[in-house]
Amino acid sequence: MKFFLSLILILFTSNAYSADVSIEMLNKNKETKKRMVYSEELVKINVGQTIDWLPTAKGHNVEMLIGPDGYDLPKKSKLSDKVSLTFSVPGIYLYQCSPHAAMGMIGIVVVGDDVSNKDAVAKKKLTGSKSKKKLKKLLAEI
């Protein structure tokens, strides 16, 4: 009986923990007052989880810049399109909004506990001093 209850608890816990994530593409974050940002700039997820980027404001996209070895980066999305990606390879992923990269509109996804490509992400060339500064800040939070 204890085994059965433990199994049920594990199943419900893992389902709750593996919920998918939504990130809004914003002209202005109402809480922080920052402009040209993603609602979540650093997201940690499990392998197999999906992230939906929602175009709540027009003129934004998602362009993956770098990910772990063995992962083929998707093409950059069209402007104002919803983007859904399921992450099956652990590691750190860096992405940006192409039109607003110089304004610091970047984000990071950490999949699993694998941060072995952190140095490669840190060395990635970015457009604009705001993006470079934000990348350092986000990597320090990992």
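Values quoted throughout were computed directly from the atomic coordinates according to the rules given, and no laboratory measurement underlies them. Small disclaimer: the values here were computed from a predicted structure and weren't measured. For neighbour counting, all protein chains shown are included, and Cβ atoms are generated from backbone atoms with ideal geometry for every residue, glycine included.
Quick notes
- Under the condition of being under 17 Å from ILE106 (Cβ atoms) and in contact with a strand residue (DSSP E or B) (Cβ under 8 Å, 6 or more places away or on another chain), the residues counted in segment 60-86 number 14.
- Among residues of segment 57-76 that are under 13 Å from HIS100 (Cα atoms), those with a beta-carbon under 9 Å from a residue that is of a type in the set (Lys, Arg) at least six positions away or on a different chain give the pairs ALA57/LYS28; ASN61/LYS76; ASN61/LYS78; VAL62/LYS76; GLU63/LYS75; GLU63/LYS76.
- Some residue of segment 106-116 being touching a residue at least 40 places away in the same chain (Cβ under 8 Å) and of a type in the set (D, E, K, R): yes
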